[in-house]
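Please treat every number below as a calculation from the coordinates, not as lab data. The shown structure was predicted, so the numbers you read here are calculated from the model rather than taken from an experiment. Here the Cβ positions follow ideal geometry from the backbone for every residue, glycine too, while neighbour counts run over all protein chains shown.
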Amino acid sequence: MQQISDITPLREIRRKWQNDGKTIAFVPTMGNLHKGHLHLVEQAKEHADIVVVSIFVNPLQFGPDEDLASYPRTMEQDMAALEALGVDVLFTPKADDIYSRGLEKQTFVEVPGLSYMICGASRPGHFRGVATIVCKLFNMVQPNMAFFGEKDFQQLQVIKAMVTDLSMNLQIFGVPTVREHDGLAMSSRNNYLTESERQKAPALYSCLQKLSENIQLGRRDFSRLIHQSTEELAEAGFTVDYIDIRSVESLLSPGHEETELVILGAAFLGKTRLIDNIQVTLE
Ligand code: PAF
C-alpha cells in the first residue's frame, strides 16, 4: 500500500491507472477504522481494480461545540488494517492543503433541503461540510465509484443528491450497517461510551426494530409510535435528539401511498451522540 499526502503524486498515479484501463473505487473516511469501514473496503475491492481510501478528519463538518479536537486518531492501526486488506493507496491529505485559503473563505457545496432536516437541523452546517469535502476528494481521486455506509443514511442521500445535481461521473454505493453482536451499529464514536453507557447503547437499535415491526404489522399512527419510542428511550437513559419515520429517497414525511420508508434515530448517551436507522419496505 502506498501512502500519499499530496495531490500531485495522487494525480500522477491516477493518470497511470487510467492509461492502464483500471477502474478505481474510493472509500472516504475520517480514520479510526472499525469493521464497518473495513467492510466498505471489501465491497470496494469486489467492484474495482484499484481501491483508494482516504483518512481526513474534516474540520468543516464539525460544529463549534463538537468533538473535532477529541475525535479518535489511530493512524498506525488504520494503516495496518488497510494494508492487510490490500488497499492500493491511502490518501492522507493535510488540512492546510485541503483548505488552503482558510475555512472562512472556502467555496462550499450545499445540497439544500436534504441537508437541513433531521441530523442537519441538530447540526447546522454539518452536511455542507460533508458535501464540500466529499466533492473535493472526488475531484482529487476521480474515482469511478465510491462507497459509503448506510449507518449515516442522511449523509448517503446528501451525497447521492450532490452527485446527481452536479452531474458527477461516478457511481455511489450504499453499504449495509455492520453491527456489534448486541445490535449496536459500529461507529468510531462508540469509543466515547463509558462501560454503563455501552451496555445501554443497543437500546437505540432495539427501539428502531420495534418501530419497524409495528409498521410492518400495519400500524400507521406514526406520531404516536414515535412519541412512545422517544419516551422508552428517555426511560432507558438516552437524551433523544429525534426519532422519525421518513420516505427513503426524499427523507420527507411519507405520504399514505409510500412503500419505501426509513426509521431514523439520534440520541445522546452522556455526551456521545449515537445515530442509527432501519429501512422498511411495505407490501
Ligand atoms: O462518514 C464519514 O466518515 C465522513 O463524513 C466522510 C464521508 C469521510 C466525510 O468527511
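Over all orientations, segment 95-174 has a Cα convex hull whose mean projected area works out to 5.4 square nanometres. Across segment 105-226, the volume of the C-alpha convex hull divided among the residues equals 162 Å³ per residue.
The angle separating the long axis of helix 203-216 from the principal Cα axis of greatest extent in the chain is about 70 degrees.
Peptides 95-101, 229-235 ranked from most to least packed give 229-235, 95-101, packing being the mean of other C-beta atoms within 10 angstrom over each peptide's residues.
Evaluated over the Cα positions of segment 55-105, the convex hull gives a direction-averaged projected area, one quarter of its surface, of 4.4 nm².
Computed about its Cα centre, the charge dipole of segment 146-222 is approximately 120 debye, with only Lys, Arg, Asp and Glu carrying charge at their Cβ. For the chain, DSSP calls about 50 percent of its internal beta bridges antiparallel. Working value for segment 3-82: equivalent-ellipsoid semi-axes of 26, 16, 11 Å, each the square root of 5 times a Cα gyration tensor eigenvalue, largest first.
Once the Cα-Cα distance is subtracted from the 0.36 nm per residue extended length, the Gln2 to Arg220 segment shows a gain of 73.2 nm. For Lys16, the aspartates and glutamates whose Cα falls under 15 Å of its own Cα, not counting residues fewer than eight places away in the same chain, are Asp49, Asp88.
Label positions at Arg11 and Glu235, each projected 7 Å from the Cα along the C-beta direction, are separated by 6.0 nm. Excluding same-chain neighbours fewer than eight residues apart, the lysines reachable from Lys35 by a Cα-Cα span under 16 Å are Lys45, Lys151. Maximal additional length on extending the His256-Glu283 stretch stands at 8.4 nm, based on 0.36 nm per residue less the C-alpha distance. Per 10 Å bin, what is the whole-percent P(r) computed from every C-alpha pair distance within the chain? In whole percents, the pair-distance histogram is 6, 27, 35, 22, 8, 1. Each of the peptides 9-21, 254-266 was scored by the mean count of other Cβ atoms within 10 Å over its residues; in descending order, highest first, they stand as 254-266, 9-21. Based on DSSP H segments of at least four residues, each scored -39500 (n - 2.57), the chain has a per-residue ellipticity at 222 nm of -11500 deg cm²/dmol.
Sequence-distant contacts, meaning Cα pairs under 8 Å at least 6 residues apart, place the relative contact order of segment 5-64 at 38 percent.
Once the chain from Glu46 to Ser100 is taken as fully extended at 0.36 nm per residue, the excess over their C-alpha distance is 15.9 nm. Here's the list of aspartates and glutamates a cross-link from Lys94 could span, going by alpha-carbon distance under 13 Å and ignoring same-chain residues fewer than 8 apart: Asp6. Note on segment 1-136: Cα convex hull, mean projected area over all directions, 9.2 nm². Relative to the longest principal axis of the Cα atoms of the chain, helix 222-235 runs at roughly 80 degrees. Relative contact order, whole percent, for the chain stands at 17, derived from Cα pairs under 8 Å and 6 or more residues apart.
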